[in-house]
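So the structure is just underneath, and the comments pick up after that.
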Amino acid sequence: MTAAPSQTIACQTINAGDWIRLSAQRFGDRDCFIDEGTGTTHTFAQTNERVNRLANALAAAGIGKGDRLVILANDSHRYMETLLASMKLGATYVPLNVRLAAFEIQNLITASGARWLFASSRYVEMAAQMTTRDQSPLNIIAYESPDTPVPGPADITMYEPFLATGDTTEPGVNVDDGDIIGLAFTSGTTGLPKGVLQSQGMIKNMVMACLLDYEIGPDECRYSAAPMFHISGMAMIMMGVLRGYPNILASQFDPAQVLQWLADDRLTGCFMVPTMLASVLDQPGVDDHDFDRLQSIVYGAAPMPPSLLRRAMNTFSCNFIQAFGAGTEAGLQAVLTPADHRRALDGHEYLLTSIGKPASNVDLRLCDDDLNDVPAGTVGEIVTRSDMVMSGYLDNPEASADALAGGWFRAGDLAWMDDDGYLYLSGRKKDMIIRGGENVYPIEIETVLFEHDAIKDAAVVGHPDEHWGETVAAYLVLEPGAATPPDDELAAFCRSKLARYKVPTDYMWVDTFPLNASGKVLKRELRSPHTPGTSLED
């Protein structure tokens, strides 16, 4: 007798866009987005209804799975509604850095192949001059009315009336974990931006990993200073959508405003890059408050000088978490936990220079150029495997193969590991300086320079040299009120802590560093003079 063939029934996956529906069922009357820019607050139930209306309006306009929607806007509840509606439809959102020049934005729109663009009022006129890949005008949905009449042939639709045309039913689109729902262009610290294909599985796993490793509770109210066009900003807010707590949204980072929220006990936590955290600490009256409700501050995206970190920990007396990762391409890779920070204050201060240990559900190795493991204490390239890794680069199979060689993601970050498993960043592979055959890692020198009382910030790069190949050059920002120390004093200071070949031979004082949207120093701009009229942000 022949047995009947077995049948399997595939269960549909939970779409990241479903999180707002599920949280609306659990916490319908709880605030979801508190938009300080528009003065609007929406509950989870109201937000889910608005997201459904937008998704159904887009579907009626012909937007479906795989279609790309560009967003050129400042942070707002409408921005997040657009992301969530796109996720529910299985469309692909394309967040663009608003600091880019018009020429750069047009290039990215063309590369994306998108035909629809959502824009804040201040960018509508610029967007109206943009075209699609076939040179047709874009379909533009403006979040707010533009301040002046917009010239040109572009078809501009206002967001709220457009949203109102859709009904509140769930779109019901099945989105698989392998479907591409995000196309994010890299910040370009070392070259031209690449389009990163982000699957639903990548976004879902990254948000859940962050919730776990950041020890986020259900009764919080948080703020992310990272903009939504950056994956860390989006992920921080999506944590609240999934966990069911409110997020305060602001169109731009304002250190005085953030301090006020903290002082008024509105926030339980926030995310800031080190430069932002420093600007909050520099606000008048920062030491006059107790910050009783503040539970944790997550920081990352750039190295934190230990002196700044100690000052922040003493001022805010809350948990600190350092997040490290090639976020756009590989999500969260390493975490320095609250327990690690407390251990640092309890006599192990060297941990303040660490990026922690591998994040949850991340397989991390330190390797040589051939993907062989390097011994403990030896600098190697960080390579990872996880469910947070991208699906590849848009229309760039060669770069995809290089970054995902052997099934491991390689971003070019260098680090070494101590005997306890803590990782210490040594910089970027492309930033490494080779002086007379010796490898010099800039972050080691920057850490020493941070210890000098007159130095607020430091960035070390290599300058071409006929004899040595490269020499070490330090770009420095002066601490407010400090006198500029002479070069020989700085050299002596460095020689007391570093091998002679690592000591900078040139010291240049600047007011600020060129930064990308993540707060990372664009070292290529320091290595070669900035050309007037071009953007530092790519």
Any lysines with Cα under 19 Å of the residue 65 Cα? List them, leaving off those in the same chain fewer than 8 positions away. 88, 204
Expected vector for region 495-507, Karplus 3J(HN,Hα) from phi with 6.51, -1.76, 1.60 and θ = phi - 60°, integer Hz, x for Gly and Pro, equals 5, 6, 10, 10, 4, 4, 5, 8, 6, x, 9, 10, 10
Could you work out the mean projected area of the convex hull around the alpha carbons of region 193-259, in square nanometres to one decimal? 5.5 nm²
Check which residues have an amide H placed less than 5 Å from residue 478's amide H, if you skip close sequence neighbours. 456, 510
Which residues qualify? For residue 392, with a placed amide H closer than 5 Å and at least 5 residues away or on another chain, they are 197
Evaluate the Debye formula for region 383-495 with equal point scatterers sitting on the alpha carbons, no solvent, and hand back log10 of I(q)/I(0) at q = 0.13, 0.16, 0.17 Å⁻¹, in q order, two decimals. -0.70, -0.91, -0.96
Could you work out, for region 41-90, what percent of all Cα-Cα pairs fall into each 5 Å distance bin, beginning at 0 Å and stopping at the bin that holds the largest distance? 5, 22, 31, 24, 15, 4, 0
Is the C-alpha gyration tensor of region 162-299 telling us rounded, prolate or oblate? Criteria: a/c under 1.5 is rounded; beyond that, a/b larger than b/c is prolate, otherwise oblate. prolate
Relative to the first principal axis of the alpha-carbon coordinates of the chain, what is the inclination of helix 306-316, with its axis defined by its Cα atoms, in degrees from 0 to 90 and to the nearest 10? 50 degrees
Spin-label point model (7 Å from Cα, Cβ direction): what's the residue 170 to residue 103 distance in nm? 4.9 nm
Ranked packing of 122-128, 447-453, most packed first, by mean Cβ within 10 Å: 122-128, 447-453
What FRET efficiency comes out for residue 110 versus residue 252 if R0 is 22 angstrom and r is the Cβ-Cβ distance? Round to the nearest 0.05. 0.20
Global form of region 239-377, assessed from the alpha-carbon gyration tensor, a/c cut-off 1.5: prolate
Got a sec to turn the phi values of region 199-214 into Karplus ³J(HN,Hα) couplings, 6.51 cos²θ - 1.76 cosθ + 1.60 with θ = phi - 60°, whole Hz, x for Gly and Pro? 7, 4, x, 4, 5, 4, 5, 5, 4, 5, 5, 5, 4, 5, 6, 8
So which lysines can residue 456 reach, going by Cα to Cα under 18 Å and dropping same-chain residues fewer than 8 places off? 520, 523
In what sequence, highest mean first, do 316-328, 52-64, 162-174 appear when ranked by Cβ atoms within 10 angstrom? 316-328, 52-64, 162-174
In percent, what relative contact order does region 112-246 have, based on Cα pairs under 8 Å that are 6 or more apart in sequence? 14 percent
Share of Cα-Cα pairs in region 101-232 beyond 20 Å, in percent? 62 percent
Based on DSSP, what percent of beta bridges with both residues in the chain are antiparallel, to the nearest 5? 55 percent
Within the accessible area of region 171-284 (1.4 Å probe), percent carbon and sulfur: 51 percent
Among (i) 222; (ii) 198; (iii) 143, the entry matching volume of the Cα convex hull per residue in Å³ as calculated here is (ii)
On average over all directions, what projected area in square nanometres does region 218-298 have, based on the convex hull of its Cα atoms? 5.0 nm²
Using amide H atoms built in the peptide plane, which far-off residues or other-chain residues are under 5 Å from residue 43 H to H? 32
Table column - 3J(HN,Hα) (Hz), region 122-128, Karplus curve with 6.51, -1.76, 1.60, x for Gly and Pro: 5, 10, 5, 4, 4, 4, 5
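The values are calculated or read from the model by the stated rules, or taken from the named source; none is laboratory data. Here the structure is a predicted model, which is why all the values come from computation and not from measurement. Note: ideal-geometry Cβ built from the backbone for every residue, glycine included; neighbour counts use all protein chains shown. We work out accessible area using only protein heavy atoms, side chains counted, and drop any ligands, DNA or RNA first. Shrake-Rupley method; radii C 1.70, N 1.55, O 1.52, S 1.80 Å.
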